[in-house]
Every structure is written in C-alpha cells, then in structure tokens.
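K.L.:
Would you mind keeping the following structure in view while I ask a few things?
The values are calculated or read from the model by the stated rules, or taken from the named source; none is laboratory data. Bear in mind the structure is a predicted one, so any value in this text is a computation, not a measurement. Ideal geometry is used to build each Cβ from the backbone, glycine not excepted, and the neighbour counts take in all protein chains shown.
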Amino acid sequence: MPPSKGTQLHPNSLANLKLGGGEPRYEEPKKQRNIQVTSAGWEGFRAIARERGLSLSELIEQIGRRKITLTDAEEQSRKQPTANLSGMVRL
C-alpha cells in the first residue's frame, strides 16, 4: 500500500515485511492493523519513533514484544530523587 499523501515512508517500515522474498526480521510476517488515536497522540507517537530511529510499525512491535518498556510520566516524576536538605548549613 503506498503511503498517504503527506506521510513519509520510513526505510524500516518495509524492512520487516516479506516483500519480494525478503526475510522478515521476526519469526512471523507482520500483518496490517488499524488503530484509532487523536491527532495529538499520533504526532507524539511519531516523535517517539523518530527519536528512536524506528518506524511506527517497529516501535509498536518492540513495545508489544517488551523490548521497549513504558513508564507513566506521573509515576516517573514520583521516582525522581528529591533534594536532601538535612545537610544544609543555616546562616
């Protein structure tokens, strides 16, 4: 399927599909799936994939295979170390 107008085709997108006899990266070929997401969510997802040098397809694949773990932003902020003020000197 050709990319939609305005979308870019990531070079890794087709690398995992069995096209023209190419070997798939995984033990099974990928299948086309459909998802529904807001525009903001989609753009955020694209940014994450771009930051990691992955296609959206591969990002989803790696999350599903637990090669990439997800952390809730709220949970992450609770785990940030807090300043230890007990050693401060009073003037």
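K.L.:
If S39 meets every condition in (1) of a type in the set (S, T, N, Q); (2) modelled with pLDDT of 90 or more; (3) surrounded by 11 or more Cβ atoms within 10 Å (Cβ to Cβ) apart from one, which number is that one?
P.N.:
(3)
K.L.:
Quick check, is E27 assigned to a loop (DSSP other than H, G, I, E, B) and modelled with pLDDT of 85 or more?
P.N.:
Taking the combined requirement at face value, the residue satisfies it.
Yes/no per residue for (1) without any contact (Cβ under 8 Å) to a residue 40 or more places away in the chain; (2) farther than 17 Å from P11 by Cα; (3) of a type in the set (F, W, Y):
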| position | (1), (2), (3) |
| --- | --- |
| E28 | yes, yes, no |
| S39 | yes, yes, no |
| G44 | yes, yes, no |
| A49 | yes, no, no |
| S55 | no, no, no |
| E58 | no, no, no |
| D72 | yes, yes, no |
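K.L.:
Quick one: is G44 at pLDDT 95 or above and not hydroxyl-bearing (S, T, Y)?
P.N.:
Working: at pLDDT 95 or above: yes; not hydroxyl-bearing (S, T, Y): yes.
Yes.
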